[in-house]
Amino acid sequence: AEQIEQTNAEAFQDVEKQTTCKGMAESTFNSSRSSLDRTSQVMTEADLKRAVELLLNARSIGFYGLGGSAVAALDGYHKFVRTGIPCAHNSDYDMQLMQAAQMNANDVAVVISHTGRNQQTLQVLATLNSQNVPIIALTSFGNSPLAKDSTVAFISVAEEINYRSEGLTSLIAQMSIIDSLFLMTTVHGNIEMAESLGRVREAISQTRTEL
């Protein structure tokens, strides 16, 4: 385990040592790969099953994220809207609060925050908790308020390197977690979900020009 940690640390630090553009690009990709590897290692079967069970039985799914995490929240909405499960997403903080106030124990909230300590995100979290909404959290810090106050938490492993926020590798890992949950949900979905996915695929195909 110690050797793996050392290898991962070297991958994150290597970017600063490069002198060519190609070298810096390759090191950036290496740091992302390291983040993905470590994130997949800390996910458990029990947490994944619990999250998929919540998603499959949800009356609706709300996606919440501010700042850089808004990108992952939008990605989650973009994917899960295809399932036919009613989904909601707003990038505006006030709208997120209103959205959260309308949810209840029959719904599921996916709340994303790199630090898990963003004050506005924690206000959204408090609103959701007051409504007894099950929460799937995505954060880089397992001891954060977001992770502790969620139903199930997935930790995106990322390390900070100079000149670049660790939020970037965290974001890539979080989007990969969302992608995994989407795939698991569709695989375990019912006939109605399969039909919804098919209709969306057909509708989207109309937007593309044939070669």
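The values are calculated or read from the model by the stated rules, or taken from the named source; none is laboratory data. Note that this is a predicted model, so its numbers are computed, not measured. Glycine gets a Cβ as well: all are built from the backbone with ideal geometry, and neighbour counts include every protein chain shown. These area figures cover heavy atoms from the full protein model, side chains too; ligands, DNA and RNA do not enter into them. Shrake-Rupley method; radii C 1.70, N 1.55, O 1.52, S 1.80 Å.
What the table below lists for this structure:
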read-out: Single unsatisfied condition, Ala73 versus (1) in contact (Cβ under 8 Å) with a residue 40 or more places away in the chain; (2) part of a helix (DSSP H, G or I); value: (1)
read-out: Matching residues, the stretch 144-171, being of a type in the set (A, V, I, L, M), at pLDDT below 95 and surrounded by 19 or more Cβ atoms within 10 Å (Cβ to Cβ); value: Val157, Ala158, Ile161, Leu171
read-out: Tabulated pairs, the stretch 112-139, first within 11 Å of Leu66 (Cβ to Cβ), second acidic (Asp, Glu), C-beta under 8 angstrom, 6+ apart or interchain; value: His114/Glu166
read-out: Every residue from the stretch 101-115 that is of a type in the set (S, T, N, Q) and within 14 Å of Lys148 (Cα to Cα); value: Ser113, Thr115
read-out: Every residue from the stretch 53-67 that is closer than 15 Å to Ile178 by Cα and either open to solvent by 10 Å² or more (accessible area, probe 1.4 Å) or out of contact with any Leu (no Cβ under 7 Å at 6 or more places or on another chain) (or both); value: Glu53, Leu54, Leu56, Gly62, Phe63, Tyr64, Gly65
read-out: Any hit, the stretch 175-185, residues being at pLDDT 95 or above, of a type in the set (Asp, Glu), assigned to a helix (DSSP H, G or I) and surrounded by fewer than 18 Cβ atoms within 10 Å (Cβ to Cβ); value: yes
read-out: Options Thr39, Thr28, Thr83: the member that is over 23 Å from Thr186 (Cα atoms), crowded, with 16+ Cβ neighbours inside 10 Å and not acidic (Asp, Glu); value: Thr28
read-out: Condition broken by Glu53, with the remaining ones in (1) assigned to a helix (DSSP H, G or I); (2) in contact with a Pro (Cβ under 9 Å, 6 or more places away or on another chain) satisfied; value: (2)
read-out: Hits in the stretch 87-143 (condition: of a type in the set (Ser, Thr, Tyr) and surrounded by fewer than 22 Cβ atoms within 10 Å (Cβ to Cβ)); value: Ser91, Tyr93, Thr115, Thr127, Ser130
read-out: First in the stretch 198-211 and in contact (Cβ under 8 Å) with a residue 60 or more places away in the chain and under 11 Å from Arg82 (Cα atoms), second anywhere and open to solvent by 100 Å² or more (accessible area, probe 1.4 Å) and not in a helix (DSSP H, G or I), Cβ under 8 Å, 6 or more apart; value: none
